[in-house]
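Asks: Got a structure for you, questions after.
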2 protein chains.
Amino acid sequence: MQEMKVTVDVVLFTIRARALHALLVRRGVPPFAGQYAIPGGFVRREESLDEAAKRELYEETSVRDVYLEQLYTFGEPHRDPRSRVITAAYYALIGSERLDLMAGADAAEARWFPTQELPKLAFDHRKIVDYALERLRNKLEYTTVGFQLLPEKFTLTELQEVYEAILGKKLDKRNFRRKIGLLRILKPLRERRETGRKPAQLFRFAAERFVKLKEKGILFPF
Amino acid sequence: MQEMKVTVDVVLFTIRARALHALLVRRGVPPFAGQYAIPGGFVRREESLDEAAKRELYEETSVRDVYLEQLYTFGEPHRDPRSRVITAAYYALIGSERLDLMAGADAAEARWFPTQELPKLAFDHRKIVDYALERLRNKLEYTTVGFQLLPEKFTLTELQEVYEAILGKKLDKRNFRRKIGLLRILKPLRERRETGRKPAQLFRFAAERFVKLKEKGILFPF
DNA sequence: CCAAAAGTGTTAGGAGTACACCCATGG
DNA sequence: CCATGGGTGTACTCCTAACACTTTTGG
């Protein structure tokens, strides 16, 4: 019944250059000094775990209002060599258009790494990132988390690229569009993206409709 | 960075009389004295969260070797009126044939309640049970957790009753049997259950095959 | 011979997958 | 007029869901 230290750690994902990236910060102090770790810190006495995760993310990346979800709680006795630390791990998603918000970041050495090329991580953080990747891949197929990685306005090709980056495989363009269309969760805008070539139709996520879909058990079958 | 109390709480499920039941213990001391709660207790310094969950379950129900899975971690600042307590919630499944093991239970006032008729629960335990029910329903459809609620040898009707109890709806007998058959995860035994009427074929779960199925992404489509 | 649960196939509709060409634009 | 990415439809297969009767046994 002894008390223990409790932290939250957050795996922040985004899409850059058509690849899924995770944000890592370089540790300045032992243990694991010089190694990369996922952002996180101690839970305060008067805040919930969710609040702590939001606060830590804001303090270390100056990012707010992201999709945030609790992942799993890791509590092996010696996962931190200094003392017993229980960590509630979270993952978060941010649209690539909001990356510039990172400018004022507190943590001097924060960097995006492609999830395919992660460096050696401190503590058991590799396990946490792997778990987050697995959860993200699963949730992509039956929820709308994918939209959290896009700006408010996006093209169908951009949406497909999010799915391809996370699932790690090419999808058929026509099948992808038909299935998304059947879900009726996208609202076409009166705008097009001027991109050098043929302009592409822009859409936004129409979340209102999704509630009804969930009740009917209609999902994302990729 | 202050330290906090950390507990594990476990929702133990079983099937009785074709209905899903949860095990609750009556609290003898304040707060919430006299009310029912789910079994749980403090995590010790040198044990992992999983180990703590197994130990608490054993101490309060004298049950071992059950299916056990971490659910979610609840950490609202005032969920325990006495002090800050973080709880890693688990759920566990036990086959109905092992209920007699409960005889030597430590907790004097442990009782099974149908999940449809739960009493008022202490702390935020109602939220925990609801979350466990949701997880169980979801996992039933794409994993083999359902078998954990059955004895080693069971009939197809018994298996179907597990699915019906948890999903809360009747399933078509022929469709159910065809789908289970296609998965090829059941081994028919050279035994039948003599049950007064026409004897039913007994099966056991052939877990070996399931590994391969998971790799292929073949699931339980009910 | 009656009651009770076990066991068994077919059909129609919907979803998934594979696949190739034309279109609009800027340079 | 060419290069680039945007946009579109069909055919086949497979899974799902709906549906009713016969069999075996004990009493």
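The values are calculated or read from the model by the stated rules, or taken from the named source; none is laboratory data. In this text the structure is predicted, and so the values were computed from the model without any measurement. Note that each Cβ is placed from the backbone with ideal geometry, even for glycine, and that neighbours are counted across all protein chains shown.
Asks: Just checking, how many residues over the stretch A:33-48 are farther than 14 Å from residue B:2 by Cα and not polar (S, T, N, Q)?
Replies: 7
Asks: Of the residues A:113, A:154, only one is touching a Phe, Trp or Tyr at 6+ places or on another chain (Cβ under 8 Å), without any contact (Cβ under 8 Å) to a residue 60 or more places away in the chain and not aliphatic (A, V, I, L, M); which?
Replies: A:154
Asks: Identify the single condition in (1) more than 14 Å from every other protein chain (Cβ to nearest Cβ); (2) within 16 Å of DNA strand C (Cβ to nearest atom); (3) closer than 30 Å to residue A:79 by Cα that residue A:136 does not satisfy, given that it satisfies every other one.
Replies: (2)
Asks: Keeping to the stretch B:11-30, report how many residues are under 30 Å from residue B:170 (Cβ atoms) and either touching a residue at least 40 places away in the same chain (Cβ under 8 Å) or not hydrophobic (A, V, I, L, M, F, W, C) (or both).
Replies: Residues meeting the conditions: 13.
Asks: Among the listed residues B:72, B:58, B:67, B:36, identify the single one that is farther than 26 Å from residue B:147 by Cβ and either more than 14 Å from chain A (Cβ to nearest Cβ) or surrounded by 15 or more Cβ atoms within 10 Å (Cβ to Cβ) (or both).
Replies: Just a single option satisfies the conditions, and that option is B:36.
Asks: Please work out which residue is farthest from DNA strand C (Cβ to nearest atom), limiting yourself to the stretch B:164-222 and to residues that are of a type in the set (S, T, N, Q) and modelled with pLDDT of 95 or more. Even if it seems obvious, please write down each step before you answer.
Replies: So the first thing to find is which residues in the stretch B:164-222 are of a type in the set (S, T, N, Q), and the list is B:175, B:195, B:201.
Pick out the ones that are also modelled with pLDDT of 95 or more and you get B:175, B:201.
Values: B:175: 6, B:201: 3 Å.
The qualifying residue farthest from DNA strand C (Cβ to nearest atom) is B:175.
Asks: Also, I was wondering about something else. Do we find that residue B:143 is in contact (Cβ under 8 Å) with a residue 60 or more places away in the chain, within 16 Å of DNA strand D (Cβ to nearest atom) and β-branched (Val, Ile, Thr) in this structure?
Replies: Yes: the conditions hold for residue B:143.
Asks: Can you find, within the stretch B:102-129, the residue that is farthest from the other protein chains (Cβ to nearest Cβ) among those that are loosely packed, with under 15 Cβ neighbours inside 10 Å and modelled with pLDDT under 95?
Replies: Top of the filtered list is B:103.
Asks: If you go through the stretch A:82-95 one residue at a time, do you hit one that is touching a residue at least 12 places away in the same chain (Cβ under 8 Å), surrounded by fewer than 17 Cβ atoms within 10 Å (Cβ to Cβ), within 14 Å of chain B (Cβ to nearest Cβ) and farther than 30 Å from residue A:159 by Cα?
Replies: Yes, the stretch A:82-95 contains a residue that is touching a residue at least 12 places away in the same chain (Cβ under 8 Å), surrounded by fewer than 17 Cβ atoms within 10 Å (Cβ to Cβ), within 14 Å of chain B (Cβ to nearest Cβ) and farther than 30 Å from residue A:159 by Cα.
Asks: Take the residues in the stretch B:146-194 that are within 25 Å of residue B:23 (Cα to Cα) and within 11 Å of DNA strand D (Cβ to nearest atom); name whichever of them is nearest to the other protein chains (Cβ to nearest Cβ).
Replies: Within the stretch B:146-194, the match that is nearest to the other protein chains (Cβ to nearest Cβ) is B:169.
Asks: Now, a different point. Go through (1) outside any loop (DSSP other than H, G, I, E, B); (2) surrounded by fewer than 18 Cβ atoms within 10 Å (Cβ to Cβ); (3) not charged (D, E, K, R) one by one and return the number of the condition residue B:151 breaks.
Replies: (1)
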